[in-house]
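Asker: Encoded as structure tokens, here's the structure I'll be asking about.
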Amino acid sequence: MLPDKRFLQSTLGEPLGLELQFSVADGAASAATLSPSERRRFHALRNTARATSWLLGRTALKKLSSKVDGCTDIDGLLFPNPRFSLTHSSYLALAVAELSGCLEGIGVDLEMGTRMQASAGRFFLTERENRWLGSQASGGWSHHLLRLWCIKEAVFKANPDNTGRMLADHEITCPALARGMARSCTGRTLEYTSWCESRTCVALAVCR
């Protein structure tokens, strides 16, 4: 189950000194609110696995933009973005906005009920991160792998220079920490905070 918005603010926003707004969209998403250009995009995606998640994402972003900026026109919203980020997991979409406008980038990731294959780490962890993961007790290995995946996704989204980059181009300074620092191969320094319980994990990262 996704933690409520007050918990998300206290867990993700406050540790980084940020005031955040969140918006969630689930099965209530409707194509009726789409702009003409969005409607064309949605119709192009119809009958694909991505259609539902894309519609949920637009719904969450429109709700958030209406709350933060007083409008639902998000046709010009591009990612990576200094104020907004979006994530999908299972049956819902979660959008986040940072209110002060003081950031160069922000990223959020949510994993709910996600199962990671043991071999997945080699695709997104650096050599040093893999060594750390291999040193952990076998009972907590899958939990750490999911947590690191979630953090890496958030860090990647927060990097304004992520075009052409991969998750493994970003390294977490201390993989054991729920809150810490990461660095991209281009020299960007990013901060992150995260929360994980069972197979639910949420992470937020920022580039100041």
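Asker: In the stretch 1-27, what residues are within 16 Å of the chain's Cα centre (by Cα) and among the aromatic types (Phe, Trp, Tyr)?
Answerer: Phe22
Asker: May I ask you to say which residue of Thr59, Thr11, Thr72 is polar (S, T, N, Q), assigned to a helix (DSSP H, G or I) and surrounded by fewer than 19 Cβ atoms within 10 Å (Cβ to Cβ)?
Answerer: Working: Thr59 fails: surrounded by fewer than 19 Cβ atoms within 10 Å (Cβ to Cβ); Thr72 fails: assigned to a helix (DSSP H, G or I).
Sole residue among the options that is polar (S, T, N, Q), assigned to a helix (DSSP H, G or I) and surrounded by fewer than 19 Cβ atoms within 10 Å (Cβ to Cβ): Thr11.
Asker: Quick check on my filter: what residues within the stretch 155-178 are among the acidic types (Asp, Glu) and either touching a residue at least 24 places away in the same chain (Cβ under 8 Å) or closer than 22 Å to Ser10 by Cα (or both)?
Answerer: Step one: filter the stretch 155-178 for residues among the acidic types (Asp, Glu), giving 161, 169, 171.
Asp161, Glu171 - these are the residues of the stretch 155-178 that are among the acidic types (Asp, Glu) and either touching a residue at least 24 places away in the same chain (Cβ under 8 Å) or closer than 22 Å to Ser10 by Cα (or both).
Asker: Would you check which residues across the stretch 131-154 are farther than 25 Å from Arg83 by Cβ, touching a residue at least 24 places away in the same chain (Cβ under 8 Å) and among the hydrophobic types (A, V, I, L, M, F, W, C) and list them?
Answerer: At the first step, the residues of the stretch 131-154 found to be farther than 25 Å from Arg83 by Cβ are 131-148.
Now narrow it down to the ones that are touching a residue at least 24 places away in the same chain (Cβ under 8 Å): 132-133, 142-148.
Result: Trp132, Leu133, Leu145, Leu146, Leu148.
Asker: Tell me which of these Ser53 doesn't satisfy, since it passes every other one: (1) surrounded by fewer than 12 Cβ atoms within 10 Å (Cβ to Cβ); (2) under 25 Å from Pro160 (Cα atoms).
Answerer: Here Ser53 clears every test but (1).
Asker: Okay, next question. Determine whether the stretch 98-105 contains at least one residue that is modelled with pLDDT of 95 or more, within 24 Å of Leu146 (Cα to Cα) and either under 15 Å from the mean Cα position of the chain (by Cα) or not β-branched (Val, Ile, Thr) (or both).
Answerer: yes
Asker: Another one. Exactly one condition in (1) surrounded by 14 or more Cβ atoms within 10 Å (Cβ to Cβ); (2) under 23 Å from Arg199 (Cβ atoms); (3) out of contact with any Pro (no Cβ under 8 Å at 6 or more places or on another chain); (4) in contact (Cβ under 8 Å) with a residue 60 or more places away in the chain is not met by Gly107; state its number.
Answerer: Exception for Gly107: condition (3).
Asker: Out of the residues in the stretch 110-140 that are loosely packed, with under 11 Cβ neighbours inside 10 Å and hydroxyl-bearing (Ser, Thr, Tyr), state the one that is nearest to the chain's Cα centre (by Cα).
Answerer: Filtering the stretch 110-140 for residues that are loosely packed, with under 11 Cβ neighbours inside 10 Å and hydroxyl-bearing (Ser, Thr, Tyr), the one nearest to the chain's Cα centre (by Cα) comes out as Ser119.
Asker: Return the total of residues in the stretch 34-50 being assigned to a loop (DSSP other than H, G, I, E, B) and under 15 Å from Asp73 (Cα atoms).
Answerer: Start the filter on the stretch 34-50 by keeping residues that are assigned to a loop (DSSP other than H, G, I, E, B), which leaves 34-35, 46-49.
Filter again for under 15 Å from Asp73 (Cα atoms), leaving 34-35.
Looking only at that region, the number is 2.
Asker: Still on this structure, I have one more. So Ala118 clears everything in (1) touching a Ser or Thr at 6+ places or on another chain (Cβ under 6 Å); (2) farther than 23 Å from Gly13 by Cβ; (3) aliphatic (A, V, I, L, M) except one condition, right? Which one?
Answerer: All conditions pass for Ala118, except number (1).
Asker: Moving on to the next point. Note down all Cβ pairs under 6 Å where the first residue falls in the stretch 179-205 and is under 17 Å from Leu125 (Cα atoms) and among the basic types (Lys, Arg), the second is crowded, with 19+ Cβ neighbours inside 10 Å and at pLDDT below 95, and they're at least six residues apart or on different chains.
Answerer: none
Asker: Could you tell me which numbered condition Ser100 fails, if it satisfies all but one of (1) in contact with a strand residue (DSSP E or B) (Cβ under 9 Å, 6 or more places away or on another chain); (2) closer than 21 Å to Arg6 by Cβ?
Answerer: In the conditions (1) in contact with a strand residue (DSSP E or B) (Cβ under 9 Å, 6 or more places away or on another chain); (2) closer than 21 Å to Arg6 by Cβ, Ser100 misses (1) alone.
The values are calculated or read from the model by the stated rules, or taken from the named source; none is laboratory data. All figures in this text were calculated on a predicted structure; none of them were measured in a lab. Cβ atoms come from the backbone with ideal geometry, glycine included; neighbour counts cover every protein chain shown.
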